[in-house]
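J.: Handing you this structure, nothing more for now.
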Amino acid sequence: MKVPFLSFAPMNSAIRTQAIAEFQSFFDEQWYVLGSRVERFEEAFAAFCQTNQCIGVANGLDALIVALKTLNIGPGDEVIVPTNTYIATWLAVSYVGATPIPVEPNSETYNIDVTKIARAITSKTKAIMPVHLYGQAAEMQAIMAIADANNLFVIEDNAQAQGAVSGSQNTGSIGHINATSFYPGKNLGAFGDAGAITTNDIALAKNARIIRNYGSEKKYYNEVLGINSRLDELQAGLLSLKLPHLAQWNNQRQAVANFYTEHLQGVGDVITPITAPGCSHVYHLYVIRSQKRDFLQKHLTDAGVGTLIHYPIPPHLQEAYEFLGYKEGNFPIAEELAATSLSLPIYPGITAEQQAYVVATIKAFFS
Ligand SMILES: *Cc1c(COP(=O)(O)O)cnc(C)c1O
């Protein structure tokens, strides 16, 4: 049996007929940039997140960058980021000229440890940028309370968790201005790069809209130094077809996760995912841990099961971040996660037989 790490086929077949019709009308209408498809998707995604504003951009990294620029964060400013995240979170902060200030994760949920945020705050801190990592909502109530008490902005990196809930609020609706990614492999994936900003703040939304489009509201009149980062019309049209399926697809991911979690209890030294109280998990990734991770991965690969490591090197140890001067041992929890984490196949449409085969293959390795 073969179990790919990810297959788009089941999701694609759910929208195939509509997607081809959508491409035909897009082709015939000949309107390519910032048209009705982007507007329609922005409205639908805002409704999905329960925000009143959504601004489509070219990708998730740009969504973070535009959010930071909208808040006027730049050189001399500090932004608190998780040590345990995809490098995009840090890169956005670096690109606007600010400094990422890393905070270790909770060793059970792998999301930013809210008890360690306060001590990272200095007079230069402007914002906290929590990540809903692997699809689990971060502990937003605690984060918003810290931000309020210290007069900081919160920017959610919601790239991995569209549809998750923290407390009673949807991810992407809690921070002051929030970013997401529709990279093909994300829970809501486009057919290429795409991203969005969500916010309930009308003034911030207005500025973000200007910044994504050359800093211009009226064509050829530029008010601020913007960038070109617009959501593509075709991607917006296709995303609008996928969005109505997202809640159900997330449910399917949760069912797969429940199966894995139930059947991997007590298997070798495997640690299955743990969610914080009040924080839902939409399982963009299903990440287990084992001290024998590399051998286990090889065993799964040899048996035809695709796995990936998220992420093998934490941002503070990446060559690109050498200039910040961090060394191995500076953030031991993130480093331990990098050394032991393994992501198992999870996607809507993965069959019961495939799930059982993944479990059986892991059990065989430890027996
Ligand atoms: C994917 C991702 C991004 C960046 O999104 P792109 O669309 O690839 O630019 C940012 N943050 C996190 C946590 C991500 O997983």
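J.: Per-residue ellipticity at 222 nm for the chain, helices alone: DSSP H runs ≥ 4 residues times -39500 (n - 2.57), over residue total, nearest 500 deg cm²/dmol? Don't skip to the end; give the middle numbers.
T.: Numbers: 11 runs with 138 residues, N = 367.
When only DSSP H runs of four or more count, the value is -12000 deg cm²/dmol.
J.: Picking from A46, I174, V305, whose Cα lies most toward the positive end of the charge dipole for the chain (charges on Cβ: Lys, Arg +1; Asp, Glu -1)?
T.: Of A46, I174, V305, it is V305.
J.: Tell me which of N111, A98, P75 sits at the most positive position along the dipole axis of the stretch 1-120, charges placed on C-beta atoms (Lys, Arg +1; Asp, Glu -1).
T.: N111
J.: Tell me the label-point distance for the pair A118, E328, using the 7 Å Cα-to-Cβ offset, in nm and rounded to one decimal.
T.: 3.5
J.: Kindly provide the Kirkwood hydrodynamic radius of the stretch 1-154 in Å, to one decimal, from all pairs of distinct alpha carbon atoms.
T.: That comes to 18.2 Å for the stretch 1-154.
J.: Report the Rg/Rh value for the stretch 103-148, based on alpha-carbon coordinates and the Kirkwood definition of Rh. Walk me through the numbers on the way to the answer.
T.: On the way: Rg = 10.4 Å, Rh = 11.0 Å.
Across the stretch 103-148, the Cα-based Rg/Rh ratio is 0.95.
J.: For the chain, with only Lys/Arg (+1) and Asp/Glu (-1) charged at the beta-carbon, what is the dipole magnitude about the Cα centre, in debye rounded to 20?
T.: Details: 24 positive and 32 negative charges, 42 e Å.
Charge dipole, the chain, about its Cα centre: 200 debye, nearest 20.
J.: What is the Cα convex hull volume of the stretch 231-336 when expressed per residue in Å³?
T.: Working: hull volume 21.7 nm³, N = 106.
Hull volume normalised by residue count: 205 Å³.
J.: Dividing the Cα convex hull volume of the chain by residue count, how many Å³ per residue is that?
T.: Numbers: hull volume 49.8 nm³, N = 367.
So the per-residue Cα hull volume is 136 Å³.
J.: Taking the Cα centre of the stretch 1-128 as origin and charging only Cβ (+1 Lys, Arg; -1 Asp, Glu), how large is the dipole, in debye to the nearest 20?
T.: Values: 9 positive and 12 negative charges, 60 e Å.
So the magnitude is around 280 debye.
J.: Follow-up. What FRET efficiency, computed as 1/(1 + (r/R0)^6) with R0 = 30 Å and r the Cβ-Cβ distance, is obtained for E262 and K2, rounded to the nearest 0.05?
T.: Details: r = 23 Å, r/R0 = 0.78.
Efficiency at R0 = 30 Å is approximately 0.80.
J.: Given the C-alpha centroids of the stretch 340-359 and the stretch 36-114, what is the distance between them in whole angstrom?
T.: Here the two parts' Cα centres lie 29 Å apart.
J.: Here is a further query. If you take every DSSP beta bridge whose two residues both sit in the chain, what share of them, in percent to the nearest 5, is antiparallel? If you can, show how the numbers build up before the last one.
T.: Details: 24 of 37 bridges.
Here the share of antiparallel DSSP bridges comes out near 65 percent.
J.: Quick one: longest stretch of the chain between exposed loop GluC sites (Glu not before Pro), exposed meaning at most 14 other C-beta atoms within 10 Å and loop per DSSP? Could you put the intermediate results ahead of the total?
T.: Working: sites that count: E108, E223, E328.
Value returned for the longest uninterrupted segment is 109-222.
J.: Next question. What list of ³J(HN,Hα) values in whole Hz, one per residue of the stretch 10-17 in order, does the Karplus curve 6.51 cos²θ - 1.76 cosθ + 1.60 (θ = phi - 60°) give from phi, with Gly and Pro shown as x?
T.: Each residue of the stretch 10-17 in turn: x, 5, 5, 5, 5, 10, 3, 4 Hz.
J.: I would also like to ask the following. Please tell me which of these pairs span more than 28 angstrom C-alpha to C-alpha: K186/K206; K2/K292; K124/K186?
T.: Values: K186/K206 26 Å; K2/K292 22 Å; K124/K186 33 Å.
Over 28 Å Cα-Cα: K124/K186.
J.: At 0.36 nm per residue, minus the direct Cα-Cα distance, what do T99 and A352 gain on full extension? Give it in nm, one decimal, please. Walk me through the numbers on the way to the answer.
T.: On the way: separation 253, 0.36 × 253 = 91.08 nm, distance 4.57 nm.
This chain segment gains 86.5 nm when fully extended.
J.: If the cut-off is a Cα-Cα distance under 19 Å, which aspartates and glutamates reach K363, setting aside same-chain residues fewer than 8 apart in sequence?
T.: Within the straight-line cut-off, K363 pairs with E262, D269, D294, D302, E353.
J.: Same structure again: For the stretch 1-101, with all protein chains present and a 1.4 Å probe, just round the carbon and sulfur fraction of the accessible area to a whole percent. Spell out each step's value before the answer.
T.: Values: 2600 of 4670 Å².
Roughly 56 percent of what the probe reaches on the stretch 1-101 is carbon or sulfur.
J.: At 0.36 nm per residue, minus the direct Cα-Cα distance, what do E319 and N72 gain on full extension? Give it in nm, one decimal, please.
T.: Values: separation 247, 0.36 × 247 = 88.92 nm, distance 2.78 nm.
Value of the extension gain: 86.1 nm.
J.: Hey, with R₀ at 25 Å, roughly what FRET efficiency would E39 and V224 work out to, going by the Cβ-Cβ distance, to 0.05?
T.: On the way: r = 22 Å, r/R0 = 0.89.
Plugging the Cβ-Cβ distance into 1/(1 + (r/R0)^6) gives 0.65.
J.: Once Rh is set to the Kirkwood radius over Cα pairs, what Stokes-Einstein translational diffusion coefficient, in µm²/s, holds for the stretch 25-103 at a temperature of 4 °C and a viscosity of 1.567 mPa s? Can you show the working numbers first?
T.: On the way: Rh = 14.6 Å.
Calculated translational D: 89 µm²/s.
J.: Using a basic spin-label model with each label point 7 Å from the Cα along Cα→Cβ, how many nm lie between I15 and I274?
T.: 3.7
J.: Looking at the stretch 290-367, which trypsin sites (Lys or Arg not before Pro) are in a loop (DSSP not H, G, I, E or B) and have at most 12 other Cβ atoms within 10 Å?
T.: Details: sites: K292, R293, K298, K327, K363; in loops: K292, K327.
The qualifying sites are K327.
J.: What accessible surface, in Å², does a 1.4 Å probe find on V270, ignoring ligands, DNA and RNA and rounding to the nearest 10?
T.: Accessible area of V270: about 20 Å².
J.: Roll a 1.4 Å probe over the protein chains and send me the accessible area per residue for the chain in Å². Numbers along the way, then the final one.
T.: Numbers: 15690 Å² over 367 residues.
Value for the chain: 43 Å² per residue.
J.: Would you be so kind as to identify which of S367, S341, F323 lies farthest towards the positive end of the dipole of the stretch 306-367, taking Lys and Arg as +1 and Asp and Glu as -1 on Cβ and the Cα centre as origin?
T.: S367
J.: Still on this structure, I have one more. Extension gain A247-K363, at 0.36 nm per residue separation less the Cα-Cα distance, in nm?
T.: 38.6 nm
J.: In addition: Roughly speaking, to the nearest percent, how much of the stretch 212-256's 1.4 Å accessible area is carbon and sulfur? Before the final figure, lay out the partial values.
T.: Details: 1260 of 2360 Å².
Using a 1.4 Å probe with all protein chains present, the stretch 212-256 comes out at 53 percent carbon and sulfur.
The values are calculated or read from the model by the stated rules, or taken from the named source; none is laboratory data. A quick note: this is a predicted structure, and the numbers were derived from the prediction, not measured. Note that we place each Cβ from the backbone using ideal geometry, even for glycine, and neighbour counts take in every protein chain shown. Heads up: the accessible areas ignore ligands, DNA and RNA and are worked out on the full protein's heavy atoms, side chains in. Shrake-Rupley method; radii C 1.70, N 1.55, O 1.52, S 1.80 Å.
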